[in-house]
1. Residues with amide H under 5 Å of D167's amide H, sequence separation 5 or more or different chain, H placed in the peptide plane at 1.01 Å from N; which?
2. Given an 8 Å cut-off on Cα distances and at least 6 residues of separation, report the relative contact order of the range 350-466 as a percent.
3. Report D for the range 350-466 in µm² per second (integer): Stokes-Einstein, Kirkwood Rh on Cα pairs, 20 °C, 1.002 mPa s.
4. Order these by the 10 Å Cβ neighbour count, fewest first: V70, V273.
5. Can you work out ³J(HN,Hα) from phi for every residue in the range 432-444, in order, using Karplus 6.51 cos²θ - 1.76 cosθ + 1.60 and θ = phi - 60°, giving whole Hz and x for Gly and Pro?
6. Compute the acute angle (0 to 90°) between the alpha-carbon long axis of helix 90-100 and the principal axis of greatest extent of the alpha-carbon atoms of the chain; round to the nearest 10°.
7. Determine the shape class of the chain: with a ≥ b ≥ c the square roots of the Cα gyration tensor eigenvalues, call it rounded for a/c under 1.5, and otherwise prolate if a/b is greater than b/c, oblate otherwise.
8. Once you order the gyration tensor axes a ≥ b ≥ c over the Cα atoms, which shape class does the range 100-197 get: rounded for a/c under 1.5, otherwise prolate or oblate by comparing a/b with b/c?
Amino acid sequence: MPEETQPDQGTPLSRMRRRLAPPEFPTDDRSRMRMVVDSLVLHLHPTKVPQSTLRWSYTWGLGGLSALLVTMLAVTGVFLQMNYTPSPPQAYLDVLALRTGTWFGDLLRNIHHWSANLLIITSVLHLLRVFFTGAHRPPRELNWLLGVGMLLLVVAANFTGYLLPWDQLAFWAITVGTSILSYIPLVGQPLSRLLLGGPEVGPPTLLTFYSLHISFIPLGILALMAYHFWRVRKDGGLTIPKSASQQEQPAPERVTTIPHLVRREAVWAASWVAILFIFSMLIPAPLEGIADPAVSPNPAKAPWYFLGIQELLLHFHPLVGAVIIPALGLAALALLPFYDVQLENIGVYFRSYRGRYMSLLAAGGAILLTPLWVVLDEFVLDWAAWLPDWPTLLSNGAIPLAVVLLGLFALDEVLHKALRAKTEERVLALFIFLFTALVVLTIIGIFFRGPGMALYWPWEMPTTYH
């Protein structure tokens, strides 16, 4: 039989020219668009990803959902900006005009409002997911710090946008929220006046908040988000999920990003866009009467994400409740990767089987003890009356704080000596206890504080009060 002929490979020079020649760009529009999209996707993701990281039960898609919400906020924000004047009372009139005189204006505002609130929740949940799976540990500690920074910017973006409708709800919520700044020693009053543009909330405050909301804060979020995505790839991608009983981590099976990961992300994004559109069509963003500095609501509450801190102000000296405790909490959050450095259980939810039980114990303890402490401090404990000659910073600040810290130390001793918990399990349990306590305080501030910031059952809350 004749030998099979081989194609002519040409001279070495011709082969080199073929290798160095640029790839042929597709001529039809559909192929060209697909090539551009594929190139964009592969700038954000590696060409292949571990198949196990595609499980929804591991990441819950929270990072991608947060990025989607940022995109939706940017798009809707541009359209809202075209129909808004940052000057009272025109700002309020513009918001009213959006609801009645602009095509889909009310829907755009609703989507923007609910996306902003949802972004705070998804950012916190994403941070929790990273911590619960140990993905904040080296070499990913820098990305953890970036995540904490982005969370603070997200809260700042929501806070500055809260005032823009210039209604009663926004005006007094910002009044209460910015008053917390004045408790910071030395720089509190100047910082508060700088942010407000004067001694109180007024037209300069609206212009300052608007400028921060549409420029510096979004640019900061986008810059950190881009660097955050790059660091994920630089640090080796997502952590590989494994079970608590898995001693060694086998080499993960990898699949191509296109279509396996992209298909899941597209379905997830389309589902949430549909949910937000439907929710925004059914539930309008709140809007009360135009802001009136002469009429204060009772109670005047901060935005919901600051109500945990406002609740602390009811139980501690302002310096302790508004400055020292939040500062200690943020410092502990930022330093988590540096004192929780065990690398063996990275990818294991809640560190171990015992860590899961300890997490439930810590969360249950916070759910029971936090309301009990609030009720006791409201009706029984009166540190200032018991120590009338002491400065309030000591009687209503340092002493209650010392009692709380002593309780946390006792909890840590029980975990360490009675339950023989490892360091990472103790850190996990204490973190969950404190975070759950903050959530409970926020819920109390939202649903159980009525006129005079007194405690009420929700069904007994007065319907109208000023």
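1. For D167, the qualifying residues are A291.
2. Working: 62 pairs, mean separation 41.5, N = 117.
For the range 350-466, the relative contact order is 35 percent.
3. Details: Rh = 16.3 Å.
It diffuses with D of about 131 µm²/s by this estimate.
4. Exposure proxy ranking, most exposed first: V273, V70.
5. 5, 4, 5, 5, 5, 4, 5, 5, 5, 4, 5, 5, 4
6. Computed tilt is about 60 degrees.
7. Because a/c hits 1.5 or more and a/b fails to exceed b/c, the chain counts as oblate.
8. In terms of gyration-tensor shape, oblate.
Coordinate-derived values only; no laboratory data. Computed from a predicted structure; not experimentally measured. All Cβ positions, glycine included, derive from the backbone under ideal geometry; neighbour counts span all protein chains shown.
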